[in-house]
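Let me begin by presenting the structure, written as structure tokens, before commenting on it.
The values are calculated or read from the model by the stated rules, or taken from the named source; none is laboratory data. What you see is a predicted model, and the numbers here were worked out from it, not measured in a lab. Glycine also receives a Cβ, built like all others from the backbone with ideal geometry; neighbour counts cover every protein chain displayed. Areas reflect the complete protein model, heavy atoms only, side chains present, ligands, DNA and RNA absent. Shrake-Rupley method; radii C 1.70, N 1.55, O 1.52, S 1.80 Å.
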2 protein chains.
Amino acid sequence: MTQRDDSVGIIQQELTAFARRARATAARMHPELSLVSYTLLAHLEDQKGCRATDLAAHYLLDKSTVSRQISALEKLGFVERRVDPDDHRVQVLHPTELGAQVLASAGAQRRQAFTDRLADWDDADLERFASYLLRYNEAQQRLG
Amino acid sequence: MTQRDDSVGIIQQELTAFARRARATAARMHPELSLVSYTLLAHLEDQKGCRATDLAAHYLLDKSTVSRQISALEKLGFVERRVDPDDHRVQVLHPTELGAQVLASAGAQRRQAFTDRLADWDDADLERFASYLLRYNEAQQRLG
DNA sequence: TCCTGCTGGTTGCATAGTACAACCTTAGTT
DNA sequence: AACTAAGGTTGTACTATGCAACCAGCAGGA
């Protein structure tokens, strides 16, 4: 067992531990907006509106899952649907004013939690950690 | 928005993206053993047996959740219960021979996937990434 | 024009994972 | 003996998810 293998083992173990906790932690932080809802809503804001199909493709979710998530967000008044005049099959989804507010609030809370956890890191370490995560996720997407 | 804030933002985003994918990815890799089951079974092996309560405490799960997970693992023949002779309330849980085999196989598959994703990293980066994850998770546990 | 096939979305069904509360059994204390 | 605490199980409910069946609108070709 080389030192390299040790590192891989630790990375596996720690990422797994993180994944196991993530949903529950997010739910505790802002019960109003689950991890998934938060992500979808954030994407809508980022993209200035998109279709349910785009969300499904981007997050590797089934379209039925997205459909239900969006219904829930709509029921909460966080999302509105605008039928595309050029293609009546399509609904372009947008955050509502309220949705944007809730998103901003949840985002601030999330960001604060991360900032706290990373408070005693120096800038160089933070930047390197960020670049490692980007690199890792890029590889994961590439390799499935 | 400082460069530091950017780094925090990226870390948040990438860890979130990872968490969103983790369960589904794990499920695709070895349908026999979900992420949670895998983790519980691995803990049993690590600890050379422990109680359901210990698992619940360690993974911040409700004891009912653990109870059901263990029932499922037992039904699959991966776990056996041994009543503690000193305290008949207690069941000490152990992986069975079969459970250990499945665990080893799933573990090898998981490890291989990580090894592939990290194939083109040099040793120093791997070691640093591993240490960052340890540090991050330690802080998360400390801060809740 | 009409049939066929494709695309975007919804709905019915099934499953996993989870929590909470009520409960049972066994230990330990007073 | 009576009470309390600890380890587990079970009933109930809810969220997230996928698959399959379906509907509706669009686009192309015979």
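Measuring from label point to label point, each 7 Å out along Cα→Cβ, what is the B:D6 to A:Q47 span in nm?
Once both label points are built, they end up 2.5 nm from each other.
Between the helical axis of A:35-47 and the dominant principal axis of chain A, each derived from Cα atoms, what acute angle in degrees is found, rounded to the nearest 10?
70
Subtract the Cα-Cα distance of B:A100 and B:L143 from 0.36 nm times their separation in residues, and report this length gain in nm to one decimal.
12.1 nm
For n ≥ 4 DSSP H runs only, could you compute -39500 (n - 2.57) per run for chain B, divide by its residues and tell me the 222 nm figure to the nearest 500?
-23500 deg cm²/dmol
If you average over every viewing direction, what projected area does the convex hull of the Cα atoms of the protein assembly as shown give, in nm²?
Quarter of the Cα hull surface area: 17.9 nm².
With charges only on Cβ, +1 for K and R and -1 for D and E, what is the dipole size of the protein assembly as shown about its Cα centre, in debye, rounded to 20?
Details: 38 positive and 42 negative charges, 206 e Å.
Its charge dipole is roughly 980 debye.
If each Cα of region B:33-131 is one equal point scatterer, what is log10 of I(q)/I(0) from the Debye formula at q = 0.10, 0.20 Å⁻¹?
Taken in order of the listed q values, log10 I(q)/I(0) reads -0.34, -0.96.
Summed for both chains, how many Å² of accessible area, to the nearest 100, are buried between B and A with a 1.4 Å probe?
Summing both sides, the interface buries roughly 6100 Å².
Find how much the distance from A:R68 to A:A108 grows on full extension, using 0.36 nm per residue of separation minus their present alpha carbon separation; answer in nm with one decimal. Mind dumping the intermediate values first?
Values: separation 40, 0.36 × 40 = 14.40 nm, distance 2.57 nm.
Length difference between fully extended and current span is 11.8 nm.
With angles folded into 0 to 90 degrees, how steeply does helix B:123-143 sit against the dominant principal axis of chain B? Use alpha carbons for both and round to 10.
70
Return the lysines within reach of B:K63: Cα separation strictly under 16 angstrom, same-chain partners fewer than 8 residues apart disregarded; answer none if there are no such residues.
none
What is the sum of charges, Lys and Arg at +1 and Asp and Glu at -1, for the other residues whose Cβ falls under 15 Å from the Cβ of B:V8?
-3
May I ask you to list the aspartates and glutamates whose Cα is less than 15 Å away from that of A:K48, ignoring any residue fewer than eight positions away on the same chain?
Cross-link targets: A:E80, A:D84, A:E97.
Please calculate how many Å² of accessible area chain B carries per residue, with a 1.4 Å probe and no DNA, RNA or ligand atoms counted.
Values: 7710 Å² over 144 residues.
It amounts to 54 Å² per residue over chain B.
What's the carbon and sulfur percent of the protein assembly as shown's accessible surface, probe 1.4 angstrom, rounded to a whole number?
Values: 7770 of 15420 Å².
With neighbouring chains kept in place, the figure for the protein assembly as shown is 50 percent.
Tilt of helix B:97-117 relative to the longest C-alpha principal axis of chain B, in degrees (0 to 90, nearest 10)?
Here the helix axis deviates by roughly 0 degrees.
In debye, nearest 20: dipole of chain B around its Cα centre with unit charges on the Cβ of K, R (+) and D, E (-)?
Using Cβ point charges on Lys, Arg, Asp and Glu, chain B gives about 540 debye.
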